[in-house]
Amino acid sequence: MSVYDQAVPPNEKLNMYEIYIARADGVPKTREIYEQAIVSGGLPEKDAIKMCIKYAELEHSLGEIDRARKIYIYASCLTDPHSDLWINWHAFEVQHGNEDTFRDMLRIKRSVNARHSQTRVMLPECMMPKANDDATAVDELGIAEDEIAALQV
């Protein structure tokens, strides 16, 4: 499998892993392939999220509710708050969760949302020109020289 991982271009790796999973013998081998696909870092983010959703659905179909929930928690760190993962996780918690697990999901979603909504703030100090570049500052900012002289007095 490591030879295939190196030979397959990144845009085809999702298909490669799906073929591996289809040909896997038994649940332990299937889990191993899902984990390798998700953790290896070889998949683009959107494909890794798709694999996480499929993996969680597999565990759900096997009755492994706690494992599926842990996969959703892991996948939440990989995605933004507007992906399909949150829709699937919400439906999962409505069906199998309780009030505490639902609150945990919402708490994680809020923290992911906060992490993705942070913006870079430009401080006025960063926008001001350096002291030795007064002549170029006047030209770049469009400030008249008499205004600068008035400020210096």
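Here are some notes:
- Residue within the range 14-26 that is of a type in the set (D, E, K, R) and closer than 28 Å to Phe102 by Cα present: no
- Residue match in the range 65-82 (condition: in contact with an Asp or Glu (Cβ under 6 Å, 6 or more places away or on another chain), assigned by TED's automatic domain parsing to the domain that holds Thr30 and farther than 17 Å from Glu45 by Cα): yes
- Unique residue being more than 30 Å from Arg110 (Cα to Cα) and hydroxyl-bearing (Ser, Thr, Tyr) when the list is Tyr74, Tyr34, Tyr20: Tyr20
The values are calculated or read from the model by the stated rules, or taken from the named source; none is laboratory data. Only a predicted model underlies this, so the values are computations on that prediction, with no experimental measurement involved. Positions of Cβ are generated from backbone atoms using ideal geometry, with glycine treated the same way; all protein chains shown enter the neighbour counts.
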